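A.B. asks: Mind having a look at this structure? Questions to follow.
Nothing in this text is a laboratory measurement; each read-out follows from the coordinates by a stated rule. Here the structure is a predicted model, which means the values were calculated and not measured. As a convention, Cβ positions derive from the backbone with ideal geometry for all residues, glycine included, and neighbour counts pool all protein chains shown.
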Amino acid sequence: MSALHFEGEFIGKKVVITGAAGIFGTWIAQAFAAQGAKLCLSDIRHEELRAMREDPLLQDAELLFHTTDLTREASIAELAEFIAQEWSSADILINNAGIYQRHRLLEMSMDEWNASIGVNVTAPFLLTQLLAKQMIKDGKQGSIINISSGAALTNQIGGGHYSTGKAALAMLTRSFALELAPYQIRVNAVSPGFAPGSEVSELSADYVQNMINQIPLGRTSGPQDAPAAILYLCSKSASFITGSTLAVDGGRTAGTFKRPQPQDGKVT
């Protein structure tokens, strides 16, 4: 992350990251830590969250931890109160947490539906509402980033609940951007690309290669891709950007794409 430079503007900034123990959450935390930010890392996975203390890329960062169940309104309120007690308010909120489990809509239970919509839509709504009020109280011109997905634009069987949630999150981003603009609090979204890692470790090599073949730029998302976009959107360079969604997916959502196969040493 050392290749990213923002002239010290994130030094001492207070950043809240949900879903911090996952692959994207970890990459985001590492990126902000490299810029000198203070971090509050939130996740429901208590042991994985605490293990982040041992991450060599977070060793020099000032860290807070909060085990949060984003399916419970009371737990989200506890996280907001924790932020108020420790910092009074955050400068940056990254609504990164999300869940995806394959369920056909005709077979989904209400518990499964509510869990998906709860984490992917309701939790960002509640946490943004609570932390934005703290920012307003302290007069902070904060930045809020929602982590979206290409699923907001495309769909597949078994993922209808997830696509519905991410599409709703895109509109929630724009809606909060309008309401918070008078306070100079900006709200944007980043839509990362496919990244093989801990959450998808059981995927076959053929599946991963098939995914890569659908990405025009021909590779998966790496540790600096989405975090670089997030840092930019939170920086002064993006001070006139709000209500936007930035796709960082190698062109996958630009349109239908199938990588040409080489024949006799040539690509057709």
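A.B. asks: From zero outward in steps of 10 Å, how is the percent of C-alpha pairs of region 32-129 spread across the bins?
C.D. replies: Taking every Cα pair in region 32-129, the percentages come to 14, 41, 31, 11, 3.
A.B. asks: What is the list of residues in region 56-72 whose amide nitrogen lies under 11 Å from a point 7 angstrom out from the Cα of GLU86, following Cα to Cβ?
C.D. replies: Output list for this probe position: 62-68.
A.B. asks: What ranking, highest mean first, results for peptides 21-27, 112-118 when packing means the other Cβ atoms within 10 Å averaged over each residue?
C.D. replies: The peptides rank, most packed first, as 21-27, 112-118.
A.B. asks: How high is the FRET efficiency from TYR232 to ASN114, r the C-beta distance, R0 41 Å, rounded to 0.05?
C.D. replies: Values: r = 34 Å, r/R0 = 0.84.
The value I calculate is 0.75.
A.B. asks: So how tilted is helix 123-137 from the main axis of the chain? Cα-based, degrees 0 to 90, rounded to 10.
C.D. replies: 40
A.B. asks: Of ASN213, ASN96, ASN188, which has the largest mean-square fluctuation in a 10 Å C-alpha GNM of the chain?
C.D. replies: Evaluated over the chain, the most mobile residue of the options is ASN213.
A.B. asks: Would you compute, from DSSP H runs of 4+ residues alone, the mean residue ellipticity of the chain at 222 nm, taking -39500 (n - 2.57) per run and dividing by the full residue count, rounded to the nearest 500? Let's see the in-between values first.
C.D. replies: Values: 8 runs with 96 residues, N = 268.
Value at 222 nm, helices only, nearest 500: -11000 deg cm²/dmol.
A.B. asks: Follow-up question, since we're still on this one. Once the Cα atoms of helix 23-34 and of the chain are each reduced to a long axis, what angle between those two axes, in degrees from 0 to 90 to the nearest 10, is obtained?
C.D. replies: Tilt of helix 23-34: around 50 degrees.
A.B. asks: How would region 14-249 be classified by its alpha-carbon gyration tensor: rounded, prolate or oblate, with rounded meaning a/c under 1.5 and the a/b versus b/c comparison settling the rest? Mind showing how you got there, number by number?
C.D. replies: Details: a/c = 1.39, a/b = 1.29, b/c = 1.08.
Because its axes are fairly even, with a/c under 1.5, region 14-249 counts as rounded.
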